[in-house]
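Quick notes on the structure that follows.
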Amino acid sequence: MTTQPTAQTVGEQLRALVARVRAQATIAALSTPQIATGRQRTRLRVPGSSRHLADVITARRGPAGVVRHVRIAGALRGHPAHALDEILVLAIVEACHDLCGIPVTGSEIQRWQHLVRRAASPAHPAAGKAAAATTRSCPHDR
């Protein structure tokens, strides 16, 4: 019998993915926001850091839109308001694959979607609390 995944489970698996990124990724060029604004940092982002992932996700201009690093950190911690946000989790997964130079497959996307949807399902006893947490504004997003 498999146990119902939780927001903590999603966070743990995201942390494992980010740990692989940190071991494999290197920063070879300036990120898109730096190029667009002409601003250059004297030091580069740590590969796989929440700020680096936020830069990559924002530069991709995908469905996640502009993502702040605190939302990524919340997802990695397993905070229900962030770890159960399917669009955010998929954006993190895609950014991690981009940083490692590995194409993300449809089966990988489906696996993460299934994990997040099961963790957010009402069958889970904590799902009511998670749903309430996602409707309220998280103090970290302010």
Could you tell me which residue of the stretch 46-63 is farthest from Val21 (Cα to Cα), considering only residues that are in contact (Cβ under 8 Å) with a residue 40 or more places away in the chain and of a type in the set (A, V, I, L, M, F, W, C)? Val56
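Among the candidates Ala54, Ala59, Ala73, single out the residue that is aliphatic (A, V, I, L, M), surrounded by 16 or more Cβ atoms within 10 Å (Cβ to Cβ), farther than 25 Å from Arg117 by Cβ and modelled with pLDDT of 80 or more.
On the way: Ala54 fails: farther than 25 Å from Arg117 by Cβ; Ala73 fails: farther than 25 Å from Arg117 by Cβ.
Going through Ala54, Ala59, Ala73 in turn, the sole match is Ala59.
Among the residues of the stretch 83-98, how many are in contact with an Asp or Glu (Cβ under 8 Å, 6 or more places away or on another chain) and not in a helix (DSSP H, G or I)? Explain how you work it out, then say what you get.
Taking the stretch 83-98 as the starting set, the residues that turn out to be in contact with an Asp or Glu (Cβ under 8 Å, 6 or more places away or on another chain) are 93, 97.
Now drop any that are not not in a helix (DSSP H, G or I), which leaves none.
Residues that pass the stated criteria total 0.
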Looking at Ile35 and the list (1) of a type in the set (A, V, I, L, M, F, W, C); (2) at pLDDT below 85; (3) buried (at least 17 other Cβ atoms within 10 Å of the Cβ); (4) assigned to a helix (DSSP H, G or I), which single condition is not satisfied? (3)
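The values are calculated or read from the model by the stated rules, or taken from the named source; none is laboratory data. A quick note: this is a predicted structure, and the numbers were derived from the prediction, not measured. A quick note on method: Cβ atoms are made from the backbone with ideal geometry, for glycine too, and the neighbour counts reach across all protein chains shown.
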